[in-house]
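Have a look at the structure below, then the notes.
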Amino acid sequence: MKGVVTRFPSLEIFDEKIAYLTTIKRQIAEMKISVDIGWLRVNSMPLIKELEKTIEAWIQTHTSFILNNTMQQINNINNFIHEVTEGIKVVPKSSDTAGEKAILM
């Protein structure tokens, strides 16, 4: 099949990974924005935002792979159906074997 990854993990594995990443994203969102270490106050908001972006990008990567692969499979099936439908319309005019072989090739 054109453009389709035929061997990839099951959907359950994708689901587990996406659920895991969503949990991590939720934990990151619950982190304190600023932390006082002695007399020093650390603002962790830039780090939290970057981590959230990275996690969201990985979630998007997993979901878009499934979507794109499924859409390509559907397109390949539709193309196959179209080719077969067009091929069935061709009827050989004579019963000579050379003509039949040409149609089948």
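Can you name the condition, by its number, that residue 88 falls short on among (1) part of a helix (DSSP H, G or I); (2) of a type outside the set (Phe, Trp, Tyr); (3) surrounded by fewer than 10 Cβ atoms within 10 Å (Cβ to Cβ); (4) at pLDDT 85 or above?
Going through (1) part of a helix (DSSP H, G or I); (2) of a type outside the set (Phe, Trp, Tyr); (3) surrounded by fewer than 10 Cβ atoms within 10 Å (Cβ to Cβ); (4) at pLDDT 85 or above one by one, residue 88 breaks only (4).
Please go through region 18-31 and give me each residue that is touching a helix residue (DSSP H, G or I) at 6+ places or on another chain (Cβ under 9 Å) and basic (Lys, Arg), ordered by number.
To start, the set of residues in region 18-31 that are touching a helix residue (DSSP H, G or I) at 6+ places or on another chain (Cβ under 9 Å) comprises 18, 21-22, 24-25, 28-29, 31.
Answer for region 18-31, where residues must be touching a helix residue (DSSP H, G or I) at 6+ places or on another chain (Cβ under 9 Å) and basic (Lys, Arg): just 25.
When the residues of region 42-51 are filtered to those that are assigned to a helix (DSSP H, G or I) and either touching a helix residue (DSSP H, G or I) at 6+ places or on another chain (Cβ under 6 Å) or not acidic (Asp, Glu) (or both), which remaining residue is nearest to residue 21 (Cα to Cα)?
Kept after step one, since they are assigned to a helix (DSSP H, G or I), are these residues of region 42-51: 45-51.
So of that shortlist, the ones also either touching a helix residue (DSSP H, G or I) at 6+ places or on another chain (Cβ under 6 Å) or not acidic (Asp, Glu) (or both) come out as 45-49, 51.
Working: 45: 19, 46: 19, 47: 17, 48: 15, 49: 15, 51: 11 Å.
Going through the qualifying residues, I end up with 51.
The values are calculated or read from the model by the stated rules, or taken from the named source; none is laboratory data. Since we're looking at a predicted model, the values are computed, not measured. Please note: Cβ atoms are built from the backbone with ideal geometry, for glycine as well, and neighbour counts cover all protein chains shown.
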